[in-house]
Amino acid sequence: MKKSIQVLALLLLVVCSANAQQEKGIIGSTNWLSNWTEFKPAKVDYGEANQILAGTISTNTKLLKKNIYLLQGAVYVTNNAVLTIEPGTVIIGDFDSGAALVITKGASIIADGLETDPIVFTSNRSVKKAGDWGGLIILGDAPINKFGGVASVNYDLDNAMTVYGGSNPAANSGVLRYVRIEYAGKKVKGSGNFNGLFLGGVGNKTTVENVMVSYCAGDSFEVYGGDVVMSKMISLKSNGIDYKFNYGVQCKIDNSLAIRSSYISSNTSASRCFELASYDQKSEVDFNKKQTNIVASNMTFVNDSDDLAADMQNGLIKDAVRVAENTFLELKKSVISGFNPAVVLDAKMEVTAPNLKKIKLEQLYINFCKGNIFTEFNPENEELENWYGNSAFFNVYDKKNNAEAFIDFSNEKRPDFRLRISKITASNNN
């Protein structure tokens, strides 16, 4: 009997290991990037606007597919109003007026597109560029960790209209599903940029699925506070950070993708795929409140480059993931391909067992990265390699180029960034 149990346990281990290998990175029985996405948005003619959206929307309003809407200036949805957008509707952000759509706290948006008929936010310029217009801002009353429990968006907008935060983690700001946001991230007066999609104090009853942010001059997805669930997100060639989390956000994100470019994406020290922090300054937050905690699974972070080695040597590629102190991260079953290095921990964070237990990096496929896991500004990473290189974490290191590592990587219209299963067989060594 004992021998049978041992054999069964061994078989289970083999099956589980095989399944874990097959589930790294974005998953799906078919390529879920098909139909609703657009990887060449500059070539799409969306037509001319025949309706104008401006000022304040204070009553329930519906945008219709038969119209094309020009978003002028900052448009605020207020007074607990619901803005409903039909599948297939196009909203064009005006360049000259710095267009942005703000769903204020208490109001909601129902942008529930279809796989075959997505909702599109894009630029009104004939030659579209990153930063042509502002972006989409959704604000709720879920908790944030700042003193006082509320904050305002610092985008040169009406501060009274951009307050977020509260005490309701189950707040519902509506639905974003099958939505594309293109060429957002307009420069803000003074410093910084708008972001493609900003979620401030958004609660877990809000649906955020199948959202693509392309060619944003700011961060593609920025989530401050709240309790957010996200699935099937895509960030395409952002100038800023693909996914940024701060101010006590509790977030589950899965099956999502970030595609960076050595020449299109900004590659400053502050630009990467995934950045987590609990604050910018310790003095602004209440440590009796929850600090940022991200559970991420089946993520794919990839650098789209014809020559990764040369781009790394020329300083065009930085790290993929940065984790600040007093922050919790669980990143598992994910792919990090083509970065320098894969993961960086804040220099203020001591490399101790209690701290490393807050940062779970498991079942990762780290491919063609110049280094795996480091502390910021420290070229020595022996302790981290010993910790995360332990076989119990099932992390795999490989050196395949993108065409070898991913299915149909080069298909410009419908690329498939799922891993080739047969390639996840490398040893657990550097």
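Things worth noting here:
- Flag for I373 being crowded, with 20+ Cβ neighbours inside 10 Å, modelled with pLDDT under 90 and not polar (S, T, N, Q): no
- Note on region 97-114: residues that are touching a strand residue (DSSP E or B) at 6+ places or on another chain (Cβ under 6 Å) and not aliphatic (A, V, I, L, M) total 5.
- Within region 212-266, considering residues that are in contact with a helix residue (DSSP H, G or I) (Cβ under 9 Å, 6 or more places away or on another chain) and at pLDDT below 95, the one nearest to A310 (Cα to Cα): S262
- Subset of region 376-425 [open to solvent by 30 Å² or more (accessible area, probe 1.4 Å), under 20 Å from L331 (Cβ atoms) and among the hydrophobic types (A, V, I, L, M, F, W, C)]: W387, A392, F393, F394
- Apart from one condition, G28 fits all of (1) modelled with pLDDT of 95 or more; (2) on the phi > 0 side of the Ramachandran plot; the exception is (1).
- Matching residues in region 350-370 - criterion: being open to solvent by less than 20 Å² (accessible area, probe 1.4 Å) and under 27 Å from D280 (Cβ atoms): L356, I359, L361
- V249 vs. criteria open to solvent by less than 50 Å² (accessible area, probe 1.4 Å) and either within 25 Å of K333 (Cα to Cα) or not small (G, A, S) (or both): yes
- For region 147-174, taking the residues that are surrounded by fewer than 20 Cβ atoms within 10 Å (Cβ to Cβ) and not in a loop (DSSP other than H, G, I, E, B), the one that is modelled with the lowest pLDDT is identified as N159.
- All conditions but one from (1) in contact (Cβ under 8 Å) with a residue 60 or more places away in the chain; (2) farther than 30 Å from A42 by Cα; (3) in a strand (DSSP E or B) apply to N298; the one that does not is (2).
- In the set (1) small (G, A, S); (2) modelled with pLDDT under 95; (3) in a loop (DSSP other than H, G, I, E, B), the condition left unmet by A309 is number (3).
- Count of residues meeting criterion [open to solvent by 10 Å² or more (accessible area, probe 1.4 Å), in a loop (DSSP other than H, G, I, E, B) and of a type outside the set (S, T, N, Q)] in region 114-133: 8
The values are calculated or read from the model by the stated rules, or taken from the named source; none is laboratory data. Note that this is a predicted model, so its numbers are computed, not measured. Glycine gets a Cβ as well: all are built from the backbone with ideal geometry, and neighbour counts include every protein chain shown. To get the accessible areas, we keep the full protein, side chains included, count just its heavy atoms, and leave off ligands, DNA and RNA. Shrake-Rupley method; radii C 1.70, N 1.55, O 1.52, S 1.80 Å.
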